[in-house]
Amino acid sequence: MSASHLPPFPARDYDFREYVAARNWIAGGWREAATDHHDVVTNPRHGQVIGTVPMSGEVDVDAAVSAAAAAFPAWRDTPMKERVQVLYRVKALIERDLEELSWLVSHENGKTYEEGKASVLKGIECLEMGISIPNMAGGPQLDVSRGIKCEVSYEPIGVCAGVSPFNFPFMVPLWMLPQALVAGNTFVLKPSEKVPYGAMKLAALFHEAGLPAGVLNVVHGGQAAVEGLVDHPKVKAIGFVGSTRVARLVYSRGAAHGKRMLCLGGAKNHLIVAPDADLELTSTTVAASAFGCAGQRCMAAAVMVAVGDTQALVDATAEQARKWVLGKDLGAIISKESVERITRYIDEAERMGAKVLVDGRGATVEGAEGGFWFGPTVLDHVTPEMPAGCEEVFGPVLSIIRAKTIDEAIAIENASPYGNAASIFTQSGGIARYVMERVSAGMCGVNVGVPVPREPFAFGGWNDSKFGHGDITGWDGFRFWTRPRKVTTRWAQQKDMTWMS
Ligand code: NAD
């Protein structure tokens, strides 16, 4: 395939389409992988194969890393103000292709068109943050002693890599690329093998925007490709987003090599609902958090902790769940195996005494019966001991745990090993503050169901939801992909030198 080959993604509706075989993007061109191992890519809405993806190995990883290493010196020496011009153009190109990209996300991931579009728009917001970096990245300088000046500059690290999950094929790579590239690094992106096309399109758009060959490379695959990147001596820093199990493995492996690692993991987000919470705001917001993107969001509401006399709020939330239309308001689940896993959680919770208020098991969408579907589900009287009460389900399932007091609710949240998001629903400033000071989560909300910090506030959780220091977006992202150089300067002999000079 030539450098100009752009995979055609012509979808403008939910109709089934076949796409090209996914290719790696290396040194500014589409490359056939050296591996014989290819997986299929399935459209979750139809349950049909839309293409194939190479499961790259060491040879392919080395080709991508070598291309990134070769491109590094020239990109590093390009002034930041020039580097950022590429991002301005990428933003314009994404806006030009917004509809195509939104459908593409929908086709490979199963989201509704509107959800796909929202994820692309959030990707644009991340680009805007990267675009603003040159206005913030001037390091401080100070006369630290007589005749002595100290200054700091944030310098690129070299070849960096990013690994992304299936649930936001276009947005998550844009959590990493803007800051990493503006900083002067070159990059190898390893997208989820379940959704390879968004990353290909991203590479093509950066190329069209004038990014020099080799600065951004895409290598497809799974565990072997990730391990190849982590172990490659020329890869200096790795950002990872995925499940806690894999985040922990990748973090430990990279840290053992002495590499800079930031690995975001899974979640079990608790939304605490006080009896004084606004009925409509709370029930609609909690339902939107639990069922939006079919619950396949690391920021989704997983547990509603209903405190005290909140029966009306529980009833209203279940009522909201019944209004969500499968296939229209929420999309498909990524795979048949995931539908089976989610079903097992509900079956087990029911067996252990939970009450199924709204049952999404076996739900399907007319005309798309071959797809992977799971309807909105509300479980009441869940306990933290049930798997549905403590493990990440990653589907449109809201587990309601009853608590007598706010302190009991906080204790339930605190006992979770995760720490991505937590929210309180109340009309009392005092209760809100009390809870916000005590929950053990990195991203918190007051009457907000999906408390994703909008840019420039950085994204990242606590505890088992993140391994490594700092957050992945915002200014923290820039700091992750750079290393500070401190330079101390003296130009003349000082008569009044002190021991500090
Ligand atoms: P996953 O962990 O299965 O895969 C993530 C990436 O790791 C993929 O690119 C995959 O190819 C690779 N991978 C899989 N197994 C590997 C292994 N053994 N060694 C090395 N690499 C491996 O996650 P997923 O199913 O694609 O995504 C869903 C998960 O991601 C959920 O747990 C969700 O909460 C989490 N997530 C977290 C955030 C966050 O910001 N914390 C954001 C989005 C998704």
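Summary table below
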{"item": "Given (1) within 16 Å of the ligand (Cβ to nearest atom); (2) more than 18 Å from the chain's Cα centre (by Cα), index of the condition residue 172 fails", "result": "(2)"}
{"item": "Residues being surrounded by fewer than 24 Cβ atoms within 10 Å (Cβ to Cβ) and away from the ligand (no atom under 14 Å from the Cβ) - total across the range 260-279", "result": "6"}
{"item": "Selection status of residue 163, touching a residue at least 24 places away in the same chain (Cβ under 8 Å) and away from the ligand (no atom under 12 Å from the Cβ)", "result": "no"}
{"item": "Matching residues in the range 156-170 - criterion: being closer than 18 Å to residue 297 by Cα and surrounded by fewer than 24 Cβ atoms within 10 Å (Cβ to Cβ)", "result": "165, 166"}
{"item": "Test set (1) among the small types (Gly, Ala, Ser); (2) open to solvent by 30 Å² or more (accessible area, probe 1.4 Å); (3) touching a residue at least 40 places away in the same chain (Cβ under 8 Å) - residue 415 fails condition number", "result": "(3)"}
{"item": "Subset tally (residues that are buried (at least 21 other Cβ atoms within 10 Å of the Cβ) and of a type outside the set (A, V, I, L, M, F, W, C)) for the range 127-155", "result": "1"}
{"item": "The listed residue being β-branched (Val, Ile, Thr), modelled with pLDDT of 95 or more and not in a helix (DSSP H, G or I), out of 105, 152, 120", "result": "152"}
{"item": "Subset of the range 366-379 [farther than 14 Å from residue 339 by Cα and surrounded by 19 or more Cβ atoms within 10 Å (Cβ to Cβ)]", "result": "368, 378, 379"}
{"item": "Close pairs (9 angstrom Cβ cut-off, 6 or more residues apart or separate chains): on the phi > 0 side of the Ramachandran plot in the range 379-393, open to solvent by less than 10 Å² (accessible area, probe 1.4 Å) and part of a strand (DSSP E or B) anywhere", "result": "381/400; 381/401"}
{"item": "Matching entry among 301, 363 (being open to solvent by less than 60 Å² (accessible area, probe 1.4 Å) and farther than 23 Å from residue 426 by Cα)", "result": "363"}
{"item": "Odd one out for residue 244, checked against (1) under 17 Å from residue 451 (Cα atoms); (2) assigned by TED's automatic domain parsing to the domain that holds residue 64", "result": "(1)"}
{"item": "Some residue of the range 304-325 being within 16 Å of the ligand (Cβ to nearest atom) and not hydroxyl-bearing (Ser, Thr, Tyr)", "result": "no"}
{"item": "The range 286-326, residues that are hydroxyl-bearing (Ser, Thr, Tyr) and either within 14 Å of residue 409 (Cβ to Cβ) or within 21 Å of the chain's Cα centre (by Cα) (or both)", "result": "289, 310"}
{"item": "All positions within the range 80-109 that are surrounded by 17 or more Cβ atoms within 10 Å (Cβ to Cβ) and among the hydroxyl-bearing types (Ser, Thr, Tyr)", "result": "102, 106"}
{"item": "Wholly within the range 171-257, helices (runs of 4 or more DSSP H) carrying at least 2 residues that are surrounded by fewer than 24 Cβ atoms within 10 Å (Cβ to Cβ)", "result": "197-208, 223-231, 244-256"}
{"item": "Failed item in (1) open to solvent by 20 Å² or more (accessible area, probe 1.4 Å); (2) over 30 Å from residue 259 (Cβ atoms); (3) within 16 Å of the ligand (Cβ to nearest atom); (4) not basic (Lys, Arg), with residue 493 passing the rest", "result": "(3)"}
{"item": "All positions within the range 380-412 that are surrounded by fewer than 20 Cβ atoms within 10 Å (Cβ to Cβ) and within 16 Å of the ligand (Cβ to nearest atom)", "result": "387, 391"}
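The values are calculated or read from the model by the stated rules, or taken from the named source; none is laboratory data. For clarity, every value in this text was computed on a predicted model and none was experimentally measured. For neighbour counting, all protein chains shown are included, and Cβ atoms are generated from backbone atoms with ideal geometry for every residue, glycine included. Note: areas computed on protein heavy atoms with side chains; ligands, DNA, RNA excluded. Shrake-Rupley method; radii C 1.70, N 1.55, O 1.52, S 1.80 Å.
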